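Okay, so here's the structure we're looking at.
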Amino acid sequence: MRLTTKGRFAVTAMIDLALRQQGGPVTLSAISQRQTISLSYLEQLFGKLRRHELVESVRGPGGGYTLARLARNITVADIIFAVDEPLDATNCAGKTDCTSGTDGRPGICMTHELWSTLNRKMVDFLDSVSLQDLVDQQRMRQLQDASAASGSPVRVNVVGSKSAAPSTVAV
């Protein structure tokens, strides 16, 4: 069981959109160029994301896409399920007729509960990660890269920090 490119590309494109939408609607062609994802593939993915009300399209000159909800209110699970990405480690797609035993009777395979539990844990994990979490990670990475390139430490205000003073992060 593994996540296919459909889910990976959808999450990547949504991070790109969330990072850049403050400047107005983001075009799929711009995301396509930055992330090297086929434009026609992005069109298919964003059609599904729009139908699931994760993104909104803006028509006309200066048009493109924006998030339909705040990034903190969109989870990775929302994105994955919107593009119909199957997250199922079982062999039976959650049914109870995984296999026929040696006696020929249909039944549940010996590892059914293991894979079903893995499915639940994957969904719980993906549901616990918001798009905002991923955007924040990407912004921190960009700050660290810029700091490493300039050779000077980055000063960061940590939201929710007990200290009101900015922290200096040496990278």
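A compact table of results
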| quantity | calculated |
| --- | --- |
| Residues that are at negative phi and either modelled with pLDDT of 95 or more or among the small types (Gly, Ala, Ser) (or both), drawn from the stretch 139-161 | Ala146, Ser147, Ala148, Ala149, Ser150, Ser152, Ser161 |
| Meets criteria (surrounded by fewer than 17 Cβ atoms within 10 Å (Cβ to Cβ), at pLDDT 80 or above, over 25 Å from Leu3 (Cα atoms) and of a type outside the set (Asp, Glu)) for Ala164 | no |
| Long-range neighbours under 6 Å by Cβ, at least six apart or interchain, first residue free of Cβ contacts under 8 Å to residues at least 40 places away in the same chain and within 15 Å of His52 (Cβ to Cβ) within the stretch 63-82, second charged (D, E, K, R) and part of a strand (DSSP E or B) | Ala68/Glu56 |
| Restricting the stretch 16-42 to residues that are of a type in the set (Val, Ile, Thr) and buried (at least 20 other Cβ atoms within 10 Å of the Cβ), the residue that is farthest from Leu131 (Cα to Cα) | Ile37 |
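The values are calculated or read from the model by the stated rules, or taken from the named source; none is laboratory data. Predicted, not measured: the structure shown is a model, and the values here were computed from it. Positions of Cβ are generated from backbone atoms using ideal geometry, with glycine treated the same way; all protein chains shown enter the neighbour counts.
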